[in-house]
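Q: Sharing a structure here in structure tokens format.
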Amino acid sequence: MTRHRKRTIMIAGAAAAAVLLWAVFARGRAPRRDASAESARPVSVAVARKTPLQTTLTLSGEFKPFQEVDLHAKVAGYIKTISVDVGDRVRAGQVLTVLEIPELVAQRQEADASLDRSRSAHDATHSAYARLKEVSETRPGLIAAQELEDAFARDKQAEAQMAQASATLRQVTAMSDYSRITAPFSGVIVKRYADTGALIQAGTSSNTQAMPVVRLAEDDRLRLVLPVPESVVSRIHVGTTVRVRVPALDRTLEGHVARLSDDLDRQTRTMETEIDVPNSDATLVTGMYAETVLVLASKEASLTVPIQAVSRNGTEATVLAVSPQDRIETRTVKIGLEGSRRLEILDGLAEGDRVVLGGRGQLRAGDVVKPQPIEEAKAGAEEF
């Protein structure tokens, strides 16, 4: 073999060795780069964002009429006419029933006659006294002082008798007015107890088991009575916003707390709270149940994350945050209000931070992940 050929073989061998070494080096580096990319685990992430918050309490209540009363007769009598029945709507002051009371008719006639007699007697005695007084003034000494005083006394007595007769007539007239039973407020007749010709006793005594004529309920607005637990009584105030859902009508209304009983039931440890609900269209019916949501507290905007992003161990809470380099970071957070879907984060996260949802057991701090954002509903305030 010539020297030239040996040299050529050595150069070719060196080149082949260089190519082999480069291939081995490149092959050794590529797997490490690809392995890092291929090992990144896809994870679902949500963004910490500010949302309006409300602390709420859901209670069930029953609608009651704003006012409801059984109408009794002031005086005893027979029902002459009754112009209403169950379901009829009436106006305040409308005549519902007229009673026939023969005794009052006789008393009215007697009172009229007594007033006429007393008026005539007073006119006579007053005229007599006026004449004597005139003579006494024009001709002093002609009329004895005693006689003038007696005439004056008879005049005053007749005047008092006339006033008494007038008062008696007014009383009888007032009692006669009670023969007409009228509606004290506008509403609907919910019960009718008597018919034409029925004898109605006077309902003026609590000891008298007098039968009412009708029951009247005001239903253009209703009372919704709620049993508020003792634990939140201090957070309920007049004017507190309430959302009222009526399942029977599949309808949601908004109202406000109108009044508080300020008295706890010793057995149930609840306080009755009343909500006034407008019912001008009469779609709500007394006795219907409603689900009410009381707003105990509200915040315009607080930093929140989905509840499944937070892991708790006793009093400590943590989240797995995803860094801008897509690496896992364990963050300790402080929780505020807690709702059914989201939690308020008071410390440990900033707005826009990404947090992992679920699958925490497969991840460790420093792991590289493939974040997959989820779509979140943003309809209204989160309820707590």
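Q: Can you bin every Cα-Cα distance in the stretch 195-261 into 5 Å intervals starting at zero and give me the percent of pairs per bin, rounded to whole numbers?
A: 3, 10, 15, 15, 11, 9, 9, 9, 14, 4, 1, 0
Q: Please list, ordered by chain and number, the residues whose modelled amide H lies under 5 Å from the amide H of Glu100; skip anything fewer than 5 residues away on the same chain.
A: Tyr78, Ile79, Lys80
Q: Show me the ranking of peptides 62-70, 78-86 by mean Cβ neighbours inside 10 Å, starting with the highest.
A: Result, highest mean Cβ count within 10 Å first: 62-70, 78-86.
Q: Averaging over every viewing direction, what projected area does the convex hull of the Cα atoms of the chain cover, in nm²?
A: With the hull built on Cα positions only, its mean projection is 42.3 nm².
Q: Mind jotting down the distance between the C-alpha centroids of the stretch 303-377 and the stretch 190-260, whole Å?
A: Cα centroid of the stretch 190-260 versus Cα centroid of the stretch 303-377: 49 Å apart.
Q: I've got another one for you. Could you tell me which residue out of Gln67, Thr241, Leu349 lies farthest along the dipole of the chain toward its positive end? Charges go on the beta carbon: Lys and Arg +1, Asp and Glu -1, centred on the Cα centre.
A: Towards the positive end, the residue furthest out is Leu349.
Q: Using the crude model of +1 on Lys and Arg Cβ and -1 on Asp and Glu Cβ, and no other charge, please compute the dipole size for the chain relative to its Cα centre, in debye to 20.
A: The dipole magnitude comes to about 4280 debye.
Q: Solvent-accessible area per residue for the chain at a 1.4 Å probe radius, Å²?
A: Roughly 61 Å² per residue, with all protein chains present.
Q: May I ask which residue of His122, Gly197, Ile307 lies farthest towards the positive end of the charge dipole of the chain, with charges of +1 (Lys, Arg) and -1 (Asp, Glu) on Cβ and the Cα centre as origin?
A: Ile307
Q: Report, in debye and to the nearest 20, how large the dipole of the stretch 242-337 comes out about its Cα centre when Lys and Arg carry +1 and Asp and Glu carry -1 on their Cβ.
A: About 480 debye.
Q: Measure up Lys64/Lys299; Lys74/Lys191; Lys299/Lys370 against 22 Å on the Cα-Cα distance and list the ones that go over.
A: Correct reply: Lys64/Lys299; Lys299/Lys370.
Q: Still on this structure, I have one more. Just name one of Ala151, Pro227, Met211: the one whose Cα is farthest towards the positive end of the charge dipole of the stretch 108-241 (beta-carbon charges, Lys/Arg +1, Asp/Glu -1).
A: Of Ala151, Pro227, Met211, it is Pro227.
Q: Right, something else. So for the chain, averaging the separation of alpha carbon pairs under 8 Å that are six or more residues apart and normalising by length, what relative contact order in percent results?
A: Relative contact order for the chain comes out at 27 percent.
Q: Report Rg(Cα)/(2.2 N^0.38 Å) for the stretch 280-361, keeping two decimals.
A: So the Cα radius of gyration is 1.61 times the expected 2.2 N^0.38 Å.
Q: HN-Hα J couplings of the stretch 231-242 from phi, Karplus 6.51/-1.76/1.60, θ = phi - 60°, integer Hz, Gly and Pro as x?
A: 5, 10, 4, 5, 9, 9, 9, 4, x, 4, 5, 9
Q: Output the peptides 230-236, 183-189, 211-217 sorted from most to least packed, where packing is the average of other Cβ atoms within 10 Å over each peptide's residues.
A: Descending packing order for the listed peptides: 211-217, 183-189, 230-236.
Q: Could you go through the stretch 342-349 in sequence order and give the Karplus-derived ³J(HN,Hα) for each residue, using 6.51 cos²θ - 1.76 cosθ + 1.60 with θ = phi - 60°, rounded to whole Hz, and x for Gly and Pro?
A: Per-residue couplings from phi come out as 9, 10, 7, 9, 8, 7, x, 9 Hz.
Q: Suppose a student asked you for the relative contact order of the stretch 255-384, using Cα pairs under 8 Å spaced at least 6 residues apart; what percent would you report?
A: In percent, rounded to a whole number, it is 19.
Q: While we're on this one: If you stretched the chain out fully between Ala248 and Ala167, how much longer would it get, using 0.36 nm times the residue separation minus the C-alpha to C-alpha distance?
A: 23.5 nm
Q: Which percent of the accessible area of the stretch 39-101 is formed by carbon and sulfur heavy atoms (probe 1.4 angstrom)?
A: Answer for the stretch 39-101: carbon and sulfur cover 47 percent of the accessible area.
Q: So if I place +1 on the C-beta of Lys and Arg and -1 on the C-beta of Asp and Glu, and nothing else carries charge, what would the dipole magnitude of the stretch 277-384 be about its Cα centre? I want it in debye, nearest 20.
A: Here the stretch 277-384 has a charge dipole of around 460 debye.
Q: Additional query: Taking only DSSP H segments of four or more residues, each worth -39500 (n - 2.57), what value at 222 nm results for the chain once the sum is divided by all its residues, to the nearest 500 deg cm²/dmol?
A: -10000 deg cm²/dmol
Q: Further, regarding this structure: Across the stretch 323-339, in residue order, what do the Karplus-derived ³J(HN,Hα) couplings come to in whole Hz, using 6.51 cos²θ - 1.76 cosθ + 1.60 with θ = phi - 60° and x for Gly and Pro?
A: Per residue, the Karplus-derived 3J(HN,Hα) values read 6, x, 8, 6, 10, 6, 10, 8, 10, 8, 10, 10, 9, x, 5, 10, x Hz.
Q: Distance between Cα centroids, the stretch 56-76 to the stretch 85-157: provide it in whole Å.
A: So the two Cα centres are separated by 46 Å.
The values are calculated or read from the model by the stated rules, or taken from the named source; none is laboratory data. None of the values given here were measured: they were computed from a predicted structure. Here Cβ is always computed from backbone atoms with ideal geometry, including for glycine, and neighbour counts include all displayed protein chains. Each accessible area value is taken on the protein alone, full model and side chains, heavy atoms only, with ligands, DNA and RNA left out. Shrake-Rupley method; radii C 1.70, N 1.55, O 1.52, S 1.80 Å.
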